[in-house]
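Laboratory data are not the source of any read-out in this text; all were calculated from the coordinates shown. Model, not experiment: these values are computed from the prediction. Methodologically, a virtual Cβ is constructed for each residue, glycine included, from the backbone with ideal geometry; neighbour enumeration extends over all protein chains shown.
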Amino acid sequence: MQLTFIYQLIGFLQGVDRDFNSINWRDSNRARQLLNNGKRIIAENPTKDNLYPIFKELFDLMPPEQRPTDDMEVLER
């Protein structure tokens, strides 16, 4: 279950990276900083404890209408 959760977080970050310029960020500089940090963590040692805070903050920086609805389940963990 833990591994599945990490893969969900990685998938979210990869999707954000792919769609970054089409998202109307509240603070695009902060979002880019978080995303770059997340990509570094994914390459080095991804864990729930170091990816979830990045996921949460990126999710909060997105306008509600652009948040992926399938990720709400992840947010509630």
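Calculated mean residue ellipticity at 222 nm for the chain: -22000 deg cm²/dmol, from DSSP H runs with n ≥ 4 weighted as -39500 (n - 2.57), summed, divided by the residue count and rounded to 500.
Scaling the Cα radius of gyration of region 2-75 by the globular reference 2.2 N^0.38 Å produces a ratio of 1.00.
Between 0 and 90 degrees, rounded to the nearest ten: what's the tilt of helix 2-19 against the longest Cα principal axis of the chain? The two axes meet at around 30 degrees.
Relative to the longest principal axis of the Cα atoms of the chain, helix 28-44 runs at roughly 20 degrees.
Its Cα centre serving as origin, the chain has a Cβ charge dipole (Lys and Arg +1, Asp and Glu -1) of approximately 260 debye. Centre-to-centre, using Cα atoms only, region 38-63 and region 4-36 are separated by 8 Å.
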